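Okay, structure first, notes after.
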Amino acid sequence: MTNPSVAWAAHASTALFVLLWGSGAIFTKWGLEHAPAFAFLLLRFSLALLCLALIGVYRRRWLPQPGSRIYVVATGLLMVGAYSICYFLAMAQGITPGVLATVLGIQPILTLMLLERRFAPARMAGLCVALLGLVLVVYQSVVLVRFSLAGVGFALGALGCMTIGAIMQKRIRQAPGEVLPLQYLASLVLCLPFAAVQPVAFAPAWEFLIPLLWLALVISVVAQLLLYRLIQAGNLVNVTSLFYLVPAVTALMDYLFLGNALPMLSLAGMAFILLGLALVFRQPVATSQR
């Protein structure tokens, strides 16, 4: 039997991750109004790396085990660095966050098909129902977007990086605090060449510093550590399915904090997301995985 306190702790960490990750879009939009994308990324990765390094020095463990570091770096380059770059470049090419969220919503389905050789049809149906709900939540953004070939390419690149990166991260059995510093260092190095061809100037005003600190410390450190712990402890399809909740949480925050009304389609979409996730989580996980 599962210890009730352990179960509650797991539910609490899951809820906290969804809430924190859902706030990321609001703070990203705020921050990008005051600085270019790569200036934001460089500062975000630098602050996150500094924070993680300080935590590692305090714990006296901040590097992965010898022999695993190349694999850890490769995973971080995909899941942190390349994913973030593709995400920002997709938006720069005219892909809206809503469309990008819909594209990334394919990730749990891809993960299911790649990892589980046998799965219940109801499990796949749950993922599809949740994806439909996601489309309803971001319907306005999907309808109004003007697609560009480059933007679609970067969106698909973000999907591929996150999908493969999450699968690779699942195979890392070390504590998240021991792998994230090196992954952020690699991601920072990956971003540096773009500084030569992209604008990196910014004004150190509080309108920029507040979202920067939130994204660098709360999202890149706290939420990322939670995500890695969820990936390490749970079924990867179930964990990635939680990303369906992120746009819904963002829409709720947009309504509660900014006063933007929720359309009926968004409310219906949230109901579909919850129904789909209920189907996913109630189905027994396939025992045959790669």
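Points to keep in mind about this one:
- For the range 86-94, the criterion of being at pLDDT 85 or above and either under 17 Å from the mean Cα position of the chain (by Cα) or on the phi < 0 side of the Ramachandran plot (or both) is satisfied by at least one residue.
- Where helices (runs of 4 or more DSSP H) sit wholly within the range 177-268, those with at least 1 residues that are open to solvent by less than 10 Å² (accessible area, probe 1.4 Å) and of a type outside the set (G, A, S) occupy 206-213, 224-233, 236-241.
- Residue count for the range 122-152 under the criterion of being closer than 12 Å to A90 by Cβ, at pLDDT 80 or above and open to solvent by 40 Å² or more (accessible area, probe 1.4 Å): the result is 3.
- Residue in the range 213-223 that is aliphatic (A, V, I, L, M), at pLDDT below 95 and more than 14 Å from L47 (Cα to Cα) present: yes
- Residues within the range 204-259 that are in contact with a His (Cβ under 9 Å, 6 or more places away or on another chain) and acidic (D, E), tallied: 1
- Hey, A15 open to solvent by 40 Å² or more (accessible area, probe 1.4 Å), of a type in the set (A, V, I, L, M, F, W, C), at pLDDT below 80 and not in a loop (DSSP other than H, G, I, E, B) or not: no
- Residues in the range 163-176 that are not small (G, A, S) and not in a loop (DSSP other than H, G, I, E, B) were compared, and the one that is nearest to the chain's Cα centre (by Cα) is T163.
- When we screen P108, P66 for residues that are open to solvent by 40 Å² or more (accessible area, probe 1.4 Å) and of a type outside the set (K, R), the only hit is P66.
- Here F119 fulfils each of the conditions (1) surrounded by 17 or more Cβ atoms within 10 Å (Cβ to Cβ); (2) part of a helix (DSSP H, G or I); (3) over 19 Å from the mean Cα position of the chain (by Cα) apart from (2).
The values are calculated or read from the model by the stated rules, or taken from the named source; none is laboratory data. Model, not experiment: these values are computed from the prediction. A quick note on method: Cβ atoms are made from the backbone with ideal geometry, for glycine too, and the neighbour counts reach across all protein chains shown. For the accessible areas, the whole protein counts, side chains as well, though only heavy atoms, and no ligand, DNA or RNA atoms are used. Shrake-Rupley method; radii C 1.70, N 1.55, O 1.52, S 1.80 Å.
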